[in-house]
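A quick write-up on the structure given underneath.
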Amino acid sequence: MFHPGANFEAGRGYLYSVQALNPTKEFSGNLNNGSLDNRLTISSTDTDLKGFNFIGNPYPSSIDWQASPDWSRSNLVESGGGYDMWIWNPAVNNYGVCNSFTGISTNGVTQYIAPMQGFFVQAASAGNLTMNNDLRVFEGASNWKSAKYDDKNISIRVISEAGNGSDEAIIGFGYSKNENGATKLFSRVPTAPSLYMISGSDNLSVCYFTDTSENPVVPVQFTSGATGNFTFTFNFDQFYFENVMLEDRKTKNFQNLNANTTYTFYSSKSDAANRFALHFGPAGNNSEFGFPAKVYTDGYQLIVDLTLVSHATETLVYDIMGRQLLLQRLEGETVHKLNVNTVPQVLVVSLRNVAGSLNQKVFWNGYR
């Protein structure tokens with residue numbers, strides 16, 4: 001796509017500019033100052049990038065993504081009580097993300113957006129993203145990448161031993177409900193590794209959960225980009241997370257992450273993405289991890305996540321009076337979305353197969 005004009009636009013992000021061979025770009029006039037509006041669109045020919053807009057810091061100083069009162073961001077997708085922005089980190093061959101409210105960030109990106117730095121935002125509706133001078137700060141003008149962790153978060157980093165890059169995903173606990181966090185913005189470098197979680201049809205770099213009791217198993221998706229050796233590094237507070245186990249479904253190995261926070265493995269490009277999972281339970285006792293399925297609603301459908309279940313599973317749904325509302329046999333290693341024709345109420349979902357069973361209550365919001 002070619003830039004339609006002869007001059008750059010203030011506040012617009014640019015990945016490439018190819019109007020001439022080896023051009024010299026001239027910047028003249030006064031430095032940008034005052035309030036600036038940036039147009040947001042939600043259209044895209046790539047469904048994975050719907051709503052993403054590339055913005056640029058137009059000021060000669062850094063701007064603070066967490067300066068909440070000074071941004072006009074009502075048209076952006078909400079996430080974790082705030083808004084996400086993504087910056088490309090060439091050192092890791094991946095995008096990093098930072099949330100304006102939680103401060104959770106990946107791949108070294110922080111709240112400070114350097115002068116003339118381009119960054120992505122995700123629009124929920126067409127409109128404007130407005131900046132003003134109050135966003136401007138002295139921090140982060142040169143050293144704009146650093147890590148940030150919280151004692152209730154688990155950071156998962158993977159690095160390619162062949163030098164193809166690295167990636168990071170964050171699992172956050174301590175929230176009032178389970179909800180999606182930052183959308184995974186995949187690298188355009190085909191050999192770069194990718195880490196992410198799945199919620200329904202969404203791929204996420206960040207997930208927000210209540211606690212480990214309600215979420216005893218969290219599947220982690222990984223694609224290698226290129227065949228080779230990789231190393232996971234986990235960063236978490238062992239006072240808050242007393243028992244964390246990594247499951248490698250390909251090798252059938254379990255590793256106690258409280259004893260060793262690194263895990264090295266070989267991965268082929270053809271490996272299934274749902275190879276890994278984190279278990280929160282007594283270390284060294286795999287039988288107590290329970291039936292590794294997740295049951296929840298997305299507001300309109302009942303989600304039965306059998307990503308970590310190898311066998312076909314009989315799924316029954318009952319109302320609070322014990323009346324059967326649904327009976328289906330669901331294939332394993334898949335996320336299923338089910339329609340339940342009933343009024344808002346508490347439902348009991350029963351899953352069972354040759355390997356075990358699970359009974360769970362969920363609140364059903366009602367008809368679509």
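Given points 7 Å out from each Cα along the Cα-Cβ axis, report the THR24 to LEU327 separation in nanometres with one decimal.
The answer from the label model is 8.0 nm.
To the nearest 0.05, how large is the calculated FRET efficiency for ILE320 and THR261 if R₀ is 25 Å and r is the Cβ-Cβ distance?
E(calc), rounded to 0.05, equals 0.05.
Which of ASP64, ASP298, ASP167 has the fewest other C-beta atoms within 10 Å, and how do the rest follow up to the most?
With the fewest neighbours first, ASP64, ASP298, ASP167 line up as ASP298, ASP64, ASP167.
How far, in nm, would the chain grow between ASN253 and PHE101 when pulled straight, counting 0.36 nm per residue and subtracting the alpha carbon separation?
My answer for the length gained is 51.0 nm.
Under the classification rounded if a/c is under 1.5, otherwise prolate if a/b is larger than b/c and oblate if not, where does the range 36-137 fall, given a ≥ b ≥ c as square roots of the Cα gyration tensor eigenvalues?
Rounded shape, in that the Cα axes give a/c under 1.5.
For the range 154-270, rounded, prolate or oblate, judged on the Cα gyration tensor with a ≥ b ≥ c (square roots of eigenvalues), a/c < 1.5 rounded, else prolate if a/b > b/c?
oblate
What is the chain by shape, rounded, prolate or oblate, if you read a ≥ b ≥ c off the alpha carbon gyration tensor as root eigenvalues and call it rounded for a/c under 1.5, prolate for a/b larger than b/c, and oblate otherwise?
prolate
Amide H neighbours of ASP298 under 5 Å, at least 5 residues apart or on other chains, H built in the peptide plane: list them.
Here ILE303 satisfy the definition.
For Cα pairs less than 8 Å apart in space and 6+ apart in sequence, what is the mean separation divided by the residue count of the range 153-289, i.e. the relative contact order in percent?
25 percent.
Holding the Cα-Cα limit at 28 Å, pick out from LYS177/LYS252; LYS184/LYS250; LYS337/LYS361 the pairs that are longer than that.
Distance filter (> 28 Å) returns LYS177/LYS252.
Here, each number is a calculation from the coordinates, and none is a lab measurement. Model, not experiment: these values are computed from the prediction. Neighbour counts run over all protein chains shown; Cβ positions are idealised from the backbone, glycine included.
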